[in-house]
Amino acid sequence: MKLWLEAMPDDPNVVAVLYGPIVLAGELGTQSLDKINPYVHRQLDLERLPTPDIPILVCGPDKLLAYIEPVPDKPLTFRTRGIGQPKDVTLIPYYRLHHQRLAVYWPLLSEAGWKQKLAAKAAEEAKRKTYEARIVDEVQPGEQQPETDHGFKGEKTNAGEFHGRKWRDAHAGWFSYELKTLSDKPMVLVCSYWGSDGGRREFDILVDGERIATQKLAKNKPGEFFDVEYPISNQLTAGKQRVAVRFQAHPQAIAGGVFGLRMMKSAKE
C-alpha cells in the first residue's frame with residue numbers, strides 16, 4: 001500500500017491523507033477534555049471547550065507526500081517533516097483515534113501564502129491590542145461574580161448560555177449595571193448581541209437615567225455575534241467615575257439578550 005491524497009471537492013488545497021484504503025487522522029491532543037465526562041449527553045457540552053488550531057501544512061499538494069514519513073517501529077504511523085505550522089503532525093489510522101481532538105483534512109499553503117497569513121495575524125493582533133487599550137470597564141452579563149461586582153439590579157430578567165457565551169435579557173422588565181467611566185474623555189458603550197435573535201426584542205439603553213439609544217434585534221446578522229457602539233454624551237460622564245447603564249424593555253417586549261457589555265474610550269478621541 002502507499003500514501004495518497006484526497007482533496008475536498010471544492011478546494012484542492014484542503015486534503016486528507018490515506019494509506020491504501022485507510023484514512024489517516026492527526027492527533028491534536030486532549031486539552032480541556034479532562035474537564036467533562038467523555039460520554040457527553042449533549043454535543044453542546046463540547047462547544048464550551050476551547051478547540052486547538054489545526055496545523056497548516058506549508059507545501060503544495062504535488063510535493064506533500066515527499067514530506068510525510070513513516071515513524072520507525074510504529075506500524076501505520078506517519079509524521080510530517082518540517083512543513084507543519086506551528087508544528088508537525090503525527091498521522092495514525094482514524095479508527096485508532098479516540099478521546100482526543102483530531103483532524104482529517106489539512107489546509108495547505110505555499111511559503112508566500114504562509115507569510116501573508118503571518119502578516120495578517122500580526123495585524124489582527126495589533127488591532128486587538130489597540131481595541132483592548134480602549135476598554136475602561138466591562139461586565140459579562142449572566143456571570144454571577146462579574147454582575148455582583150458591577151452592582152447588578154433587575155426585574156423580570158433571565159440569564160443563560162448560548163454557543164459558550166453567557167447572556168442576560170428581560171421580558172417586559174429591565175436590568176442594569178454600574179460601570180467605571182472617564183470624565184475627561186469621550187466614551188462609548190459597546191454591547192454584544194446574537195445576530196439571529198428576533199421577535200419582539202425592542203429596548204432602550206439608558207445611562208444615569210438618560211436614554212442614549214433604542215435597539216431592536218431583528219436577525220440583524222444571522223448566525224454570528226455582533227457588536228454595536230453607542231456614543232455617550234460628555235454631559236453624562238462629566239465629573240463622574242461610575243455611571244449606571246440600564247436596559248429597559250419596551251411594553252410587552254424583551255430587552256436583550258446582551259452577551260457582553262463594555263465601557264470604552266471612543267476611537268475618535
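Among the residues in the stretch 200-213, are any in the same structural domain as TRP174 (by TED's automatic domain parsing), surrounded by 15 or more Cβ atoms within 10 Å (Cβ to Cβ), acidic (Asp, Glu) and not in a strand (DSSP E or B)? Within the stretch 200-213 (the criterion being in the same structural domain as TRP174 (by TED's automatic domain parsing), surrounded by 15 or more Cβ atoms within 10 Å (Cβ to Cβ), acidic (Asp, Glu) and not in a strand (DSSP E or B)), the answer is yes, since at least one residue qualifies.
When you scan the stretch 235-244, do you find a residue that is assigned to a strand (DSSP E or B) and under 25 Å from the mean Cα position of the chain (by Cα), even just one?
The initial filter retains those residues of the stretch 235-244 that are assigned to a strand (DSSP E or B), namely 242-244.
The next check asks that each one be under 25 Å from the mean Cα position of the chain (by Cα); those that pass are none.
No, that holds for no residue.
Please verify whether the stretch 218-228 includes one or more residues that are crowded, with 16+ Cβ neighbours inside 10 Å, at negative phi and either of a type outside the set (S, T, N, Q) or part of a helix (DSSP H, G or I) (or both).
Kept after step one, since they are crowded, with 16+ Cβ neighbours inside 10 Å, are these residues of the stretch 218-228: 220.
In the following step, the residues that additionally are at negative phi were identified as 220.
Those left that are additionally either of a type outside the set (S, T, N, Q) or part of a helix (DSSP H, G or I) (or both): none.
No, every residue in the stretch 218-228 fails to be crowded, with 16+ Cβ neighbours inside 10 Å, at negative phi and either of a type outside the set (S, T, N, Q) or part of a helix (DSSP H, G or I) (or both).
Sub-7 Å Cβ pairs linking a first residue in the stretch 170-189 that is under 16 Å from MET263 (Cβ atoms) and assigned by TED's automatic domain parsing to the domain that holds ASN158 to a second residue that is in a loop (DSSP other than H, G, I, E, B) and β-branched (Val, Ile, Thr), at least 6 apart or interchain, are MET187/THR181, ordered by first then second residue. Summed over the stretch 1-58, residues that are outside any loop (DSSP other than H, G, I, E, B), exposed (fewer than 11 other Cβ atoms within 10 Å of the Cβ) and modelled with pLDDT of 75 or more total 1. Looking across the stretch 229-261, just one residue is within 14 Å of ILE135 (Cα to Cα) and buried (at least 21 other Cβ atoms within 10 Å of the Cβ), and that is LEU261.
If you go through the stretch 86-143 and pick out every residue that is touching a helix residue (DSSP H, G or I) at 6+ places or on another chain (Cβ under 9 Å), outside any loop (DSSP other than H, G, I, E, B) and farther than 30 Å from GLY260 by Cα, you end up with 4.
The values are calculated or read from the model by the stated rules, or taken from the named source; none is laboratory data. These numbers come from a predicted model, not from an experiment. All Cβ positions, even for glycine, are placed from backbone atoms using ideal geometry, and neighbour counts span all protein chains on display.
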